[in-house]
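One structure below.
Nothing in this text is a laboratory measurement; each read-out follows from the coordinates by a stated rule. This one's a predicted model, so the numbers in the text were calculated from it and none came from an experiment. Using ideal geometry, Cβ is built from the backbone for each residue, glycine included, and neighbour counts are taken over all protein chains shown.
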Amino acid sequence: MNKGFIVSGIHTNVGKTFVSAVLLAGTNWDYWKPIQTGIATETSDTQWLKNILGKNIHFYPERYALPLPASPNIAADEQNIIISIHDFVLPSSNNPILVEGAGGLLVPINQQHLLIDLFQKLDLPLILVSDLYLGAINHTLLSIEVLKSRKMNIKGIIFNKTEDIPAMKIIEHYSGVKNLGFIPKLEKIGFSSLKSAFDKYLSEI
């Protein structure tokens, strides 16, 4: 059985949590965000998803939930904490687990490791989220090059917010990575609208 997927993005605020919500509404996978920063200034991604998806999904607590809205290494340092890559173990479940990253792939978690090192340790196929703003072709292809250099299993790309078919085709052409679908901005976000978005745009995952 597939143990699950990692959801990462080409940068912060690209829509990883929204895409995760669509995937969870359509699949009923479990959810785990190993590292959350910025809990002093906003609702955690886990709590936001709980508010929308309710009891339909099983949520695992963050291994680290840090107040400062910064990269994990800086947020941990502010709390006099050192994050160790050995602190993370994929939760045991009979259900696939969606693991959401924090920021992009090369976000530091300590003085020796980046988030991509944690992803390699968890050893799950990765879904990359992209938003096609000006410059996103470069950012998406760079992210894919990094994943390929680490020989990671890339499930595909989900495009979010901005539909740009020529840009999507360019990214597919140069990367060779599958386009898993485009999710437009939803007028209302709730379980039913997220499930409908999955059925309409991502049902082949």
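Tabulated data for the structure shown
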{"read-out": "Cα centroid separation - the range 56-77 against the range 140-205, whole Å", "value": "25 Å"}
{"read-out": "Packing-based order for 99-110, 132-143, using average beta carbon neighbours within 10 Å, highest first", "value": "99-110, 132-143"}
{"read-out": "Linear extension gain, LYS3 paired with ILE205, 0.36 nm per residue minus alpha-carbon span", "value": "71.3 nm"}
{"read-out": "Model label zone, GLU145; criterion: amide N under 16 Å from point 7 Å along Cα-to-beta-carbon; scope the range 172-194", "value": "172-177"}
{"read-out": "Beta bridge orientation in the chain: antiparallel %, DSSP, nearest 5", "value": "5 percent"}
{"read-out": "Estimated [θ] at 222 nm from DSSP helical runs (n ≥ 4, -39500 (n - 2.57)) normalised by residues in the chain, nearest 500", "value": "-10500 deg cm²/dmol"}
{"read-out": "Interchain or long-range residues, amide H under 5 Å from PHE5's placed H", "value": "ILE97, LEU98, VAL99"}
{"read-out": "19 Å cut-off, amide nitrogen to a point 7 angstrom out along ILE82 Cα→Cβ, residues in the range 92-131", "value": "108-115, 117-118"}
{"read-out": "Rg and Dmax [Cα atoms of the range 1-84; Å; Rg one decimal, Dmax integer]", "value": "13.4, 40"}
{"read-out": "Nearest-20 debye value, the range 4-201 charge dipole, Cβ charges on Lys, Arg, Asp, Glu", "value": "480 debye"}
{"read-out": "For the range 65-82, Karplus couplings with θ = phi - 60° (6.51, -1.76, 1.60), whole Hz, Gly/Pro x", "value": "10, 10, x, 6, x, 7, 4, x, 5, 6, 5, 5, 4, 4, 9, 6, 10, 10"}
{"read-out": "Reciprocal of mean inverse Cα separation for the range 4-201 (Kirkwood radius, Å)", "value": "17.1 Å"}
